[in-house]
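This report concerns only the one structure given below.
Taken together, the values in this text are just the output of simple stated rules run on the coordinates, not laboratory data. In this text, all values refer to a predicted model and were calculated from it rather than measured experimentally. Here the Cβ positions follow ideal geometry from the backbone for every residue, glycine too, while neighbour counts run over all protein chains shown.
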Amino acid sequence: MIRIDSVTKRYPDGTVAVDRLSLEIPDRSITVLVGPSGCGKTTTLRMINRMVEPSEGTILLDGKDIQQQPVNTLRRSMGYVIQNAGLFQHRTILDNIATVPRLLGWGKEKSRARARELMERVGLDGALAKRYPYQLSGGQQQRVGVARALAADPPVLLMDEPFSAVDPVVRKGLQDELLRIQEELGKTIVFVTHDIDEAVKLGTMVAVMRTGGRLAQFAPPAELLTDPADSFVEDFLGTDRGIRRLSFFPSAGLELLTAPIVASDTTDEQIAARDLTDAPYLLVTDLDGKPLGWAERDTEIDTARLLPYGRPFVVATDSLRAALDCAVLSPTGWAVAVDGEGRAAGVVSQQTIGEAIRGAHAKSATTQKAAR
Ligand SMILES: Nc1ncnc2c1ncn2[C@@H]1O[C@H](COP(=O)(O)OP(=O)(O)O)[C@@H](O)[C@H]1O
Ligand SMILES: [Mg+2]
């Protein structure tokens, strides 16, 4: 565990970049430092690997004061990733990634083998190995930066706005990749960003910092969205935090109706035998169970004239937010739930989703009270 204990950083010109900051950064998870520009995120991150020394306070790594450790040993245990990747422009991708193993005295072949393994790990095509950084896209360069930081297998990764310079689609890919890598490798990651959505998506714990280098709130993202500590955090979280919070509730508990699902070969008698009191629409599927569209109940089904079913949600993996979104976008106000293969698993109304949301809010309010 990394423990930041009442740390202050005053730069020689008098700027207080970080002010009595205390944080316990748990192992094998992603802790995000988020806040407006200039609030001391980079300074905090750099104090962890001693690129910046604190003016007051201590930082402990696994119980030991990092001041008491040789800087080189400390940095070897911490990979560092920055915006625009900071790659060596005159070295190939493979040699960039192999940099730290080479510095540690590994042989050329072993270092390169390790670099190839990491290219695969971060989703880079092996064919890029011999290229130079300028021959790669921004997103690919960022992956190289992550691979290079992982090369010597450090337990800790420090990442300073690593994805801030790439476009939103590439950025989402990089974020998903980081979550996957974290799950596979169990690194302790300290991730700096100014983007609250990125913080909420990636963080197991999120530290919101305010200008002047003070901690505003340190909490899991769902708690941040439910219970912002003050108006600064609330404003920083932005609008629709109620909706965003729904991403933390699974859709798996929703009560789905299956009676309104009819395959295109279902007969009128079979339909008549079903209890459809609560269902004004029928979801028509093909013979494989994949949705085709909605038909009004009590009218002749014409597969050529169905209402579009919109985007379905996946019961096992999607959240209440996804389910609500599907219902809101659906022309019938009903959302379609599908299984992993895209077969209709049930339908659910906005009203039922609304009830599930109220239930989830009530449940989380009680658990939070109990935790205090
Ligand atoms: N080397 C330095 N000398 C003086 N002031 C600095 C130095 N580095 C950063 N600062 C100041 O410290 C504050 C925090 O900076 P920084 O940690 O880079 O913030 P962030 O990463 O959150 O944008 C800012 O006011 C910045 O101008
Ligand atoms: Mg910064």
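General remarks:
- When only Cα pairs below 8 angstrom with a gap of at least 6 residues are kept, region 1-72 shows a relative contact order of 40 percent.
- Contact order relative to length of the chain, as percent, for alpha carbon pairs under 8 angstrom and 6 or more apart: 15
- Estimated inter-spin distance, T258 and K130, nm [label 7 Å along Cα→Cβ]: 5.7
- Diffusion constant of region 261-357 at 37 °C, which comes from Stokes-Einstein with the Kirkwood Cα-pair radius and 0.692 mPa s, µm²/s: 242
- Efficiency of FRET between D62 and A273 - r from beta-carbon atoms, R0 45 angstrom, step 0.05: 0.10
- Listed by Cβ neighbour count within 10 Å, with the fewest neighbours leading, S231, S349 appear as S231, S349.
- Once the chain from R241 to E117 is taken as fully extended at 0.36 nm per residue, the excess over their C-alpha distance is 40.6 nm.
- Stokes-Einstein diffusion for region 101-248 at 37 °C, viscosity 0.692 mPa s, with a Kirkwood radius from C-alpha pairs, works out to 192 µm²/s.
- Applying a threshold of 24 Å to the alpha-carbon distances of K64/K187; K110/K201; K41/K187; K41/K363; K9/K172; K108/K172 flags K110/K201; K41/K363; K9/K172; K108/K172 as lying beyond it.
- For V192, distant residues with modelled amide H under 5 Å away: L33, M159, D160, E161
- Stokes-Einstein translational diffusion, the chain - Kirkwood Rh over all Cα pairs, 1.306 mPa s, 10 °C, in µm²/s: 67
- Build a GNM of the chain with springs between Cα atoms under 10 Å apart, and of A252, A362, A304 the one that fluctuates most is A304.
- Two-decimal Rg/Rh across region 11-62, once Rg and the Kirkwood Rh are taken from alpha-carbon atoms: 0.95
- By the Cα gyration tensor, region 42-120 has an equivalent ellipsoid whose semi-axes, rounded to whole angstrom, run 29, 15, 10 from largest to smallest.
- In sequence order, region 217-223 has phi-based couplings of 6, 10, 7, x, x, 5, 5 Hz under the Karplus curve 6.51 cos²θ - 1.76 cosθ + 1.60, θ = phi - 60°, and Gly or Pro positions carry x.
- Along region 300-305 the Karplus relation, 6.51 cos²θ - 1.76 cosθ + 1.60 evaluated at θ = phi - 60°, assigns HN-Hα couplings of 4, 7, 10, 4, 7, 10 Hz to successive residues, with x for each Gly and Pro.
- With the simple spin-label model, which puts each label point 7 Å out from Cα in the Cβ direction, the T15 to Q89 separation comes to 2.6 nm.
- Estimated inter-spin distance, D339 and D302, nm [label 7 Å along Cα→Cβ]: 3.3
- Cleavage-rule hits (trypsin sites (Lys or Arg not before Pro)) in region 1-95: DSSP loop, at most 14 neighbouring Cβ within 10 angstrom: R28, R91
- Kyte-Doolittle mean at least -0.5, axial Cα span of 15 Å or more - DSSP H helices of the chain: 138-150, 168-185
- Part-to-part distance (alpha-carbon centres) for region 205-242 and region 309-367, which is given in Å: 27
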